[in-house]
Amino acid sequence: MWGGRFAAGPASVMREINASIPFDKRLWKQDIAGSKAHVAMLAKQGIVAQADADAISGGLDQIAAEYEANGVPVDLDLEDIHMVTESRLAELIGPAAGRLHTARSRNDQVATDFRLWVRDAIDEVEAGLVALQEALIARAEEHADTVMPGFTHLQSAQPVTLGHHLMAYHEMIRRDRSRFADARARLNECPLGAAALAGTGFPIDRHATAAALGFAKPTDNSLDSVSDRDFALDYLMAATQVALHLSRLAEEFIIWASQPFGFVKLPDAYSTGSSIMPQKRNPDAAELVRGHAGRIMGCMNALCVTMKGLPLAYSKDMQDDKPPVFEAHDLLGLSIAAMTGMIETVAFRTERMRGLAESGFATATDLADWLVREGNVPFREAHHITGRAVAAAEGAGVQLADLPIETLKAIDGRIDERIYAVLTVDASVASRKSHGGTAPDQVRARIAQARQEKKE
Ligand code: ARG
């Protein structure tokens, strides 16, 4: 029925579905580095004549300069970055170019290139996360004493300090960095020399190529070497965690920037106006960070599903490993930079924060704790007594600290004037001195320690 049309179809569709050059051209630097290490080893082992190796290496340098200047040419017929480079090498140096692929396959070649790329990507993310932590620390130090409402269920719970709140994100990023450090250590084994899947009969020196490319050692199983993409998944899973954390911080900024909250004035540089409502200042950057988290998680999921159920060793499905990693990395870089910029420049409306902390009976727990401490009242009973005090304040339309002492004494005879000292928000936060608590002294101690950890 459609044979006439189909006859010409498969070749061009095949060409298109088969080609990875449109995206794997991003591996060009790693591909050149891998090939140079490989050919140097081949010469040293006497597998390729030194003169040929020199010609190959010189040609690769020239190709690198061309790519740097003009980009990588996209020729679908040449399939991928490996073939594009090799064919250009043949144009430049002639038949000797054909010796580069001795004792190697594109399977171990791409596995090596991609590991090198992800390793660089991890280093970039690490630098971004360190900058984000520094921004958090600087603003936390500035606001170690700034009182704001702390929330559970997004209901006013107990007063905390803004410095403490910001440092909570510092902890998340600390764990994120440790995940990336783990991923980097696990990744740092070199698959080059595994060849197509079974190793090679040539007397190669895999330790030499591993060392030349900055790997700790060669991988230990050739089948695993060409079929493993754990390093890419490790990257995406660690990226997912970062994105998830950033989306929570972004969400806070969106809530804080809303008129009912009014905790922050977003910097002009990270907001946009509305084309129709002149009063608007929209938290677009924060919303996009929140949105990008979904896409980054999608990338992680995409590669998990691609790898699921693949038999050993290499299958072409695995060519699809790169787009999700590239996409996630680009989105993550933007997200980290945007959040860092927002943290650095956002204006905190501290009077508004304090005002809300002082409303909403946020020091109710302090009243109950005082009864336990000073009146030897069991906590559960103290909780009840405090509940009645809250109801009285609510009924009178005042804060706990505004209730006359007669009212409080009528609720429970064990309450006396000393209670007012614990009902202020400053007293409340200052009292929370337990390790990791919100007391300004605790926050400053954690900041000092975090700075020390960075130096180590
Ligand atoms: N372009 C391929 C990839 O990214 C590498 C080549 C392996 N291809 C092959 N048919 N053995 O996975």
Notebook entry, point to check: Within segment 365-374, is even one residue open to solvent by less than 30 Å² (accessible area, probe 1.4 Å), farther than 30 Å from residue 180 by Cβ and small (Gly, Ala, Ser)?
Noted result: yes
Next item on the list: Spot the failing condition for residue 33; the list is (1) surrounded by 22 or more Cβ atoms within 10 Å (Cβ to Cβ); (2) within 29 Å of residue 234 (Cα to Cα); (3) away from the ligand (no atom under 14 Å from the Cβ), and only one is missed.
Entry: (1)
Checklist line | Scope segment 111-127; condition small (Gly, Ala, Ser), more than 16 Å from the ligand (Cβ to nearest atom) and surrounded by 20 or more Cβ atoms within 10 Å (Cβ to Cβ); matching residues | finding: 121
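Looking only at residues that are among the acidic types (Asp, Glu) and either part of a helix (DSSP H, G or I) or free of Cβ contacts under 8 Å to residues at least 12 places away in the same chain (or both) in segment 38-88, which one is nearest to the ligand (Cβ to nearest atom)?
Once the filter is applied, the top-ranked residue is 86.
Looking only at segment 157-176, how many residues end up being part of a strand (DSSP E or B) and surrounded by 19 or more Cβ atoms within 10 Å (Cβ to Cβ)?
At the first step, the residues of segment 157-176 found to be part of a strand (DSSP E or B) are 157-161.
Filter once more, keeping what is surrounded by 19 or more Cβ atoms within 10 Å (Cβ to Cβ): 158-161.
Count: 4.
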Check: Counting only residues that are within 24 Å of residue 245 (Cα to Cα), open to solvent by 40 Å² or more (accessible area, probe 1.4 Å) and in contact with a Phe, Trp or Tyr (Cβ under 8 Å, 6 or more places away or on another chain), how many does segment 341-359 have?
Finding: 2
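Does any residue of segment 178-201 turn out to be of a type in the set (Ser, Thr, Tyr), touching a residue at least 12 places away in the same chain (Cβ under 8 Å) and within 16 Å of the ligand (Cβ to nearest atom)?
Initially, segment 178-201 is screened for residues of a type in the set (Ser, Thr, Tyr), giving 178, 200.
Subsequent filtering for residues that are touching a residue at least 12 places away in the same chain (Cβ under 8 Å) retains 200.
Subset that is within 16 Å of the ligand (Cβ to nearest atom): 200.
Yes: segment 178-201 contains one or more residues that are of a type in the set (Ser, Thr, Tyr), touching a residue at least 12 places away in the same chain (Cβ under 8 Å) and within 16 Å of the ligand (Cβ to nearest atom).
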Next item on the list: Filter segment 392-404 down to the residues that are hydrophobic (A, V, I, L, M, F, W, C) and not in a helix (DSSP H, G or I), then identify the one that is surrounded by the fewest Cβ atoms within 10 Å (Cβ to Cβ).
Entry: 398
Next item on the list: Would you mention how many residues in segment 356-393 are under 40 Å from the mean Cα position of the chain (by Cα) and of a type in the set (A, V, I, L, M)?
Entry: 4
Checklist line | Those residues of segment 405-438 which are open to solvent by less than 80 Å² (accessible area, probe 1.4 Å), without any contact (Cβ under 8 Å) to a residue 40 or more places away in the chain and of a type in the set (A, V, I, L, M), in sequence order | finding: 405, 408, 411, 421, 430
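Among the listed residues 93, 122, which satisfies the condition of being in a helix (DSSP H, G or I) and touching a Lys or Arg at 6+ places or on another chain (Cβ under 7 Å)? Before you say what the answer is, go through the steps one by one.
On the way: 93 fails: touching a Lys or Arg at 6+ places or on another chain (Cβ under 7 Å).
On inspection, the qualifying residue turns out to be 122.
For segment 100-110, give me each residue that is away from the ligand (no atom under 14 Å from the Cβ) and surrounded by 19 or more Cβ atoms within 10 Å (Cβ to Cβ).
Step one: of segment 100-110, the residues away from the ligand (no atom under 14 Å from the Cβ) are 100, 102-103.
Those that are away from the ligand (no atom under 14 Å from the Cβ) and surrounded by 19 or more Cβ atoms within 10 Å (Cβ to Cβ): 100, 103.
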Item checked: Residues (away from the ligand (no atom under 16 Å from the Cβ) and either without any contact (Cβ under 8 Å) to a residue 40 or more places away in the chain or of a type in the set (D, E, K, R) (or both)) located in segment 318-363 -> 330, 344, 349, 351, 352, 354, 355, 358
Item checked: Exclusive hit being open to solvent by less than 40 Å² (accessible area, probe 1.4 Å), away from the ligand (no atom under 16 Å from the Cβ), outside any helix (DSSP H, G or I) and among the aliphatic types (A, V, I, L, M), set 289, 377 -> 377
Check: Does segment 226-244 contain any residue that is acidic (Asp, Glu) and part of a loop (DSSP other than H, G, I, E, B)?
Finding: yes
Margin query: Can you confirm whether residue 326 is modelled with pLDDT of 95 or more and over 22 Å from residue 27 (Cα atoms)?
Written below: no
Margin query: Just to be sure I understand, how many residues within segment 259-280 are more than 13 Å from residue 343 (Cα to Cα), in contact with a helix residue (DSSP H, G or I) (Cβ under 8 Å, 6 or more places away or on another chain) and hydrophobic (A, V, I, L, M, F, W, C)?
Written below: 2
Next item on the list: Run down 338, 302, 382, 362 and say which single residue is assigned to a helix (DSSP H, G or I), closer than 25 Å to residue 264 by Cβ, in contact with a helix residue (DSSP H, G or I) (Cβ under 9 Å, 6 or more places away or on another chain) and open to solvent by less than 60 Å² (accessible area, probe 1.4 Å).
Entry: 338
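Sort through 246, 266 and tell me the only one that's crowded, with 19+ Cβ neighbours inside 10 Å and in contact with a His (Cβ under 9 Å, 6 or more places away or on another chain). Working first, answer last.
Numbers: 266 fails: in contact with a His (Cβ under 9 Å, 6 or more places away or on another chain).
That would be 246, the only listed residue that is crowded, with 19+ Cβ neighbours inside 10 Å and in contact with a His (Cβ under 9 Å, 6 or more places away or on another chain).
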Notebook entry, point to check: Hey, residue 449 hits all of (1) under 20 Å from residue 142 (Cα atoms); (2) open to solvent by less than 50 Å² (accessible area, probe 1.4 Å); (3) not small (Gly, Ala, Ser) but one; which does it fall short on?
Noted result: (2)
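The values are calculated or read from the model by the stated rules, or taken from the named source; none is laboratory data. Model, not experiment: these values are computed from the prediction. We place every Cβ from the backbone using ideal geometry, glycine too, and count neighbours over all the protein chains shown. Note: areas computed on protein heavy atoms with side chains; ligands, DNA, RNA excluded. Shrake-Rupley method; radii C 1.70, N 1.55, O 1.52, S 1.80 Å.
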